[in-house]
Amino acid sequence: MKILFSSLGSHGHTYPLLPLASAAHEQGHEVVYATSTDFVDTVTGLGIRHRKAGTSIRQAFTDAYGPTDPRTVSKEQLPALAMKIFGELLPRSVHADLAPFFGEWRPDLVVHEVGNPGAGLAARAAGIPAICHGFGRVWNGEELFRSDGPNPLAEFAGELGVELPAEDPMLLGNPYLDVCPPSVQNKRFLSAHDTIIPLRPVPFAEPGELPDWVREHSRPLVYLTLGTAFGDPGVLRNAIAGLATLEDARVLVAAGPTVPVEALGEVPEHVTVLPWVPQADLLPHTDLVVHHGGSGTTLGTFAAGVPQLILPQGADQFSNAEAVVEHGLGAQLLEEAVTADAVAEQARRLLSDTVVAQAAKAIAAEVAAMPSPAEVATRLPEYAR
């Protein structure tokens, strides 16, 4: 069977789909992965054929707003900007690349992630069945596409002869592969959709080496990251200063692609700062994860069964942080509250709180019980033409 997987060109949108794409490839299906050129090496390294589809999110932001730091966009500007990028520029860019390819290759099934309706619209216009793949907990940001004003996604769909559903239009009415454990998923979303296919969130990361002391794990290990898109040197410096007071622990910091390691200054001996770590390999060795609340890190920490302290910076991170707090899985610190003293206080509490630890172990058991990518891959032919 021919299956095309497609995601937007960012780590947070691409990595969640790769476990299922790999499983389908390993089961003998002819798999093509369509995303921006940023992920050619990642995709081909898995033995999967890559196809260019759309520009990167960062390039789309530049096209819409100019060469400006995304963090400078005001909250008032954000809805219109998000609508422009995710409802117009990216869907049209992805569709333009995929529509002629669908005419040539004719896949039997398209799996598009929820932030990438352009691939789903190309499939619908070509008469190809599609499944929508989630990347985390459904959040209210998707309500941007249900406003009363002009809706560029609906306008584009209309040009293609496709009608968007009123409820969760980014799904395009397709069956939904849900990688979020049901206990923390948005209850409105669960009640509104009949065709939800549970899929275990399996963390993916580029292969790499971990420091020897990580595997030795002779002291509690605290991992700090702000991810690949929302790195902020000031927030990281405050968090490092707070975590550095945990003298009985080891602290490993992933600075990420947007923050130079040297921008974080000198650190104590028990704090290690690296530009990047293989997060999927690291998480099972951690005792506390301090992070931005990105879906990949949040779900990966669920699977690891450890508490989390979230310092949300944007997008779905605030929703993820609220869910973590609501379900007793950790804590959050917002904006000006991210001080060294506050980080230290919350970290100490979470490292010793047995109630939070039990809740974290329970969510890990829930994740482990979800169907694996290999199990779900065997069901994909049910949704093909």
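The values are calculated or read from the model by the stated rules, or taken from the named source; none is laboratory data. Just so it is clear, the model here is predicted, and its values are computed rather than measured. Using ideal geometry, Cβ is built from the backbone for each residue, glycine included, and neighbour counts are taken over all protein chains shown.
Quick notes
- Residue, surrounded by the most Cβ atoms within 10 Å (Cβ to Cβ), within region 164-209, restricted to residues that are of a type in the set (Asp, Glu) and more than 20 Å from PRO373 (Cβ to Cβ): ASP168
- Residue match in region 378-385 (condition: under 30 Å from ILE131 (Cα atoms), in contact with a Lys or Arg (Cβ under 9 Å, 6 or more places away or on another chain), assigned by TED's automatic domain parsing to the domain that holds ARG106 and of a type outside the set (A, V, I, L, M)): no
- Considering (1) out of contact with any helix residue (DSSP H, G or I) (no Cβ under 6 Å at 6 or more places or on another chain); (2) within 26 Å of GLN317 (Cα to Cα), the lone condition that PRO211 does not fulfil carries the number (2).
- Of all residues in region 11-23, those that are over 16 Å from THR297 (Cβ atoms) have Cβ atoms under 8 Å from Cβ atoms of residues that are small (Gly, Ala, Ser) and surrounded by 23 or more Cβ atoms within 10 Å (Cβ to Cβ), 6 or more apart or on another chain, in LEU17/SER7; LEU20/ALA377; ALA23/ALA377.
- Of the listed requirements (1) touching a Gly at 6+ places or on another chain (Cβ under 8 Å); (2) surrounded by 19 or more Cβ atoms within 10 Å (Cβ to Cβ), ALA254 misses just one: (1).
- The number of residues in region 63-100 being exposed (fewer than 15 other Cβ atoms within 10 Å of the Cβ) and at pLDDT 75 or above comes to 3.
- Only residues that are under 21 Å from the mean Cα position of the chain (by Cα) and of a type outside the set (A, V, I, L, M, F, W, C) were counted across region 254-284, and they come to 8.
- Taken together, the residues in region 284-311 that are over 16 Å from LEU333 (Cβ atoms), assigned to a helix (DSSP H, G or I) and either aromatic (Phe, Trp, Tyr) or touching a helix residue (DSSP H, G or I) at 6+ places or on another chain (Cβ under 6 Å) (or both) amount to 7.
- For region 191-198, the count of residues that are touching a strand residue (DSSP E or B) at 6+ places or on another chain (Cβ under 6 Å), free of Cβ contacts under 8 Å to residues at least 60 places away in the same chain and in a strand (DSSP E or B) is at least one.
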